[in-house]
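For reference, the structure discussed in these notes is given below.
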Amino acid sequence: MGTTATTSAKTHENGMTVEERNALVLAYLWCINSVIRQNCSLVQAAHLDRDDVYQSLALRLIRAVERYRPGARSLKGYIFSQLKYELLNCKSA
């Protein structure tokens, strides 16, 4: 049995396969740059490395897509709130 067969069979707690999750993450990667751009002065004032911030937000994006539950809030709104929260918790190295 190859890795592809095992990977597509795996689902997250929200019923999404890894491929579905990855497709959504790729579709919403632009949100990371948007949040960084909106908070550029905060990133600079905190002396944060942009690449480190991007990486932290990318991990948060993956978790947000995995944990999203459809309801009152849209996926896009949920992702933006999670990314903004993560940015506020970034610390300089």
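The values are calculated or read from the model by the stated rules, or taken from the named source; none is laboratory data. Predicted, not measured: the structure shown is a model, and the values here were computed from it. In this analysis, Cβ positions are derived from the backbone assuming ideal geometry, glycine residues included, and neighbour counts consider all displayed protein chains.
Take region 17-46 and flag every residue that is in a helix (DSSP H, G or I) and more than 20 Å from residue 88 (Cα to Cα).
18, 19, 20, 21, 22, 23, 24, 25, 26, 27
Hey, can you tell me all the residues within region 41-66 that are more than 9 Å from the chain's Cα centre (by Cα) and either polar (S, T, N, Q) or loosely packed, with under 14 Cβ neighbours inside 10 Å (or both)?
Hits for region 41-66 are 41, 44, 45, 47, 49, 50, 51, 55.
For residue 28, state whether it is modelled with pLDDT of 95 or more and aromatic (Phe, Trp, Tyr). Show your work before the answer.
Working: modelled with pLDDT of 95 or more: yes; aromatic (Phe, Trp, Tyr): yes.
The answer is yes for residue 28.
For residues that are under 9 Å from the mean Cα position of the chain (by Cα) and within 15 Å of residue 26 (Cα to Cα), scanning just region 67-82, find the one that is surrounded by the most Cβ atoms within 10 Å (Cβ to Cβ).
Ranking the qualifying residues of region 67-82, first place goes to 79.
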